[in-house]
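The values are calculated or read from the model by the stated rules, or taken from the named source; none is laboratory data. On a predicted model such as this, the values are computed, not experimentally measured, just so you know. A quick note on method: Cβ atoms are made from the backbone with ideal geometry, for glycine too, and the neighbour counts reach across all protein chains shown.
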Amino acid sequence: MFRTKIIKDYFLYVLLFCAFQGMTAFSATLQSVELISLSANFTKILVENDTESLTKGSLFLNYPETLHLKINYPIMQDIVINDTLMQIFYPEKHLLYNVNAAYHDKLIFLSPFVASQYKDYGLSALSYTLSDYQVENDTLITIWQPPKEMGNAGATVLKTLNDKLVNVLIYDEKDNIVQKILFKDYQKLGFIGFPGTVEILYKNSGKITKKNVTLTNLEINKSIPDSLNLDIPENVTIENFEW
Amino acid sequence: MDFIRNRFIVVNLLMVALMLNLVILPITMDFSFAQDAETENYESICQKAEQDAIEDEDNSASFAFGGFMCGVFGYIFAATSKPEPPVERLVGKDEDYAHAYATCYRQKAKSLRTKAACIGWAVGSTVSMVYFMATAESESN
């Protein structure tokens, strides 16, 4: 009789432990894989005020230090961001802008791609708290509330299907959707599931703007070209700016 | 009696601060529109940059609060801040666009910040002035 009770208690403790593990897995900022480097070809389509603009090129990210964008359409342009220095080079014009600033965003349009590698989309790091969750078949929906300091921000809802983030809805304080982010064309890169396309819909000046970024020939945590720095010819006009 | 006289000096100083606000505020408001557009293209780039700055600086309440609490220091902080245009908006853009966009964006964003700080400063000064006048009047009675 006593032994049965011990076995029952043991299973109860095991169940409680599993439940606790499950709860902490929801709220903890778990990253599937550590991102060290990323290289890809990119295509960015921006539809704004009924006008479509296309940008094509390749990118090399040595996270978090350096980003090198080599744009080949609609113009030839190299952008290298390294710490506080951003260099914008126009090879056809032999012109280089050196821009110094306290901070440069190194991820630019890569932010949602990188954030998709976090189970919580990186929201815990921004002091968001998990307020609710629902499970529907293979889909997990989690609802996150912003910290009070983020005045007019509302909830953020993450929809994860088979352990892959499929969409993010960002609301304002009046429960209106202000941004919708869709993650598509997941690619299996070793142990990593990485979205090939991210589509973002948001309101700008009252009109809906659509941004679609597609990454091809993706390589993660593989060797990046030896030099991420710009190879500047001698006869180049250099203009320096302080931001 | 000296105490009341001191109060009146403080009130006068606050009124001078308020007058300065009334002078500085229109200057900073006009500054954002003072950009002389050399070409139509420059003007349209500038308009886009300014519109983006308005969208991005939507939450400039912190600068207004700084002006309210710290007065002239809040204004100085806003005036010396360095708003930075998002790099993504310069990707795939030619050198003239990048230069014009960055210049107009920074000017507009800074103007919005200083405007918010000025409004905060003016409100703060008015509140303090009303408070001092009310307390001085009640003491003289």
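Among residues belonging to the stretch A:149-172 that are within 14 Å of chain B (Cβ to nearest Cβ) and outside any strand (DSSP E or B), point out the one that is nearest to the chain's Cα centre (by Cα).
Per the stated criteria, the residue is A:150.
For the stretch A:120-174, what are the residues that are over 17 Å from residue A:200 (Cβ atoms), in contact with a strand residue (DSSP E or B) (Cβ under 8 Å, 6 or more places away or on another chain) and of a type in the set (Asp, Glu)?
A:120, A:132, A:138, A:163, A:173
The rows are residues; the columns are (1) of a type in the set (Asp, Glu); (2) within 22 Å of residue A:149 (Cβ to Cβ); (3) without any contact (Cβ under 8 Å) to a residue 12 or more places away in the chain; (4) surrounded by fewer than 23 Cβ atoms within 10 Å (Cβ to Cβ).
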{"position": "B:81", "(1), (2), (3), (4)": "no, yes, no, yes"}
{"position": "B:84", "(1), (2), (3), (4)": "yes, yes, no, yes"}
{"position": "B:88", "(1), (2), (3), (4)": "yes, no, yes, yes"}
{"position": "B:94", "(1), (2), (3), (4)": "yes, no, yes, yes"}
{"position": "B:111", "(1), (2), (3), (4)": "no, no, no, no"}
{"position": "B:114", "(1), (2), (3), (4)": "no, no, no, no"}
{"position": "B:119", "(1), (2), (3), (4)": "no, yes, no, yes"}
{"position": "B:123", "(1), (2), (3), (4)": "no, yes, no, yes"}
{"position": "B:126", "(1), (2), (3), (4)": "no, no, no, yes"}
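Filter the stretch A:65-89 for residues that are of a type outside the set (S, T, N, Q) and over 16 Å from residue B:89 (Cα atoms); which is modelled with the highest pLDDT?
Of all residues in the stretch A:65-89, those of a type outside the set (S, T, N, Q) come to A:65, A:67-71, A:73-76, A:78-81, A:83, A:85-86, A:88-89.
Among the residues that remain, those that are also over 16 Å from residue B:89 (Cα atoms) are: A:65, A:83, A:85.
Numbers: A:65: 83, A:83: 85, A:85: 91.
The qualifying residue modelled with the highest pLDDT is A:85.
Can you find a residue in the stretch B:90-99 that is within 11 Å of another protein chain (Cβ to nearest Cβ), in a helix (DSSP H, G or I) and of a type in the set (Gly, Ala, Ser)?
Let us first name the residues in the stretch B:90-99 that are within 11 Å of another protein chain (Cβ to nearest Cβ), namely B:90-99.
This time we only want the ones that are in a helix (DSSP H, G or I), so: B:90, B:95-99.
Among the residues that remain, those that are also of a type in the set (Gly, Ala, Ser) are: B:98.
Yes, the stretch B:90-99 has at least one match.
Looking at the stretch A:61-80, which of its residues are at the interface with another protein chain (Cβ under 7 Å from one of its Cβ atoms) and surrounded by 14 or more Cβ atoms within 10 Å (Cβ to Cβ)? Don't jump to the end; show me each part of the working.
Here is the first cut: in the stretch A:61-80, the ones at the interface with another protein chain (Cβ under 7 Å from one of its Cβ atoms) are A:69, A:71, A:74-75, A:77, A:79.
The answer is A:69, A:71, A:75, A:77, A:79.
Restricting to the stretch A:180-210, give me the number of residues that are at pLDDT below 95 and within 14 Å of another protein chain (Cβ to nearest Cβ).
Residues flagged as at pLDDT below 95 and within 14 Å of another protein chain (Cβ to nearest Cβ) within the stretch A:180-210 amount to 8.
Of all residues in the stretch A:81-114, how many are closer than 30 Å to residue A:187 by Cα, more than 7 Å from chain B (Cβ to nearest Cβ) and out of contact with any His (no Cβ under 9 Å at 6 or more places or on another chain)?
Looking only at that region, the number is 7.
Kindly evaluate residue B:72 against the criterion of being crowded, with 19+ Cβ neighbours inside 10 Å and on the phi < 0 side of the Ramachandran plot. First the steps, then the outcome.
Numbers: crowded, with 19+ Cβ neighbours inside 10 Å: no; on the phi < 0 side of the Ramachandran plot: yes.
The answer is no for residue B:72.
Where residues in the stretch A:32-59 are within 19 Å of residue A:190 (Cα to Cα), among the hydrophobic types (A, V, I, L, M, F, W, C) and assigned to a strand (DSSP E or B), which of them is modelled with the highest pLDDT?
This residue is A:40.
In this structure, is residue A:108 within 23 Å of residue A:214 (Cα to Cα), modelled with pLDDT of 90 or more and in contact with a Leu (Cβ under 9 Å, 6 or more places away or on another chain)?
Numbers: within 23 Å of residue A:214 (Cα to Cα): yes; modelled with pLDDT of 90 or more: no; in contact with a Leu (Cβ under 9 Å, 6 or more places away or on another chain): yes.
Considered against the rule, which asks whether it is within 23 Å of residue A:214 (Cα to Cα), modelled with pLDDT of 90 or more and in contact with a Leu (Cβ under 9 Å, 6 or more places away or on another chain), residue A:108 comes out as no.
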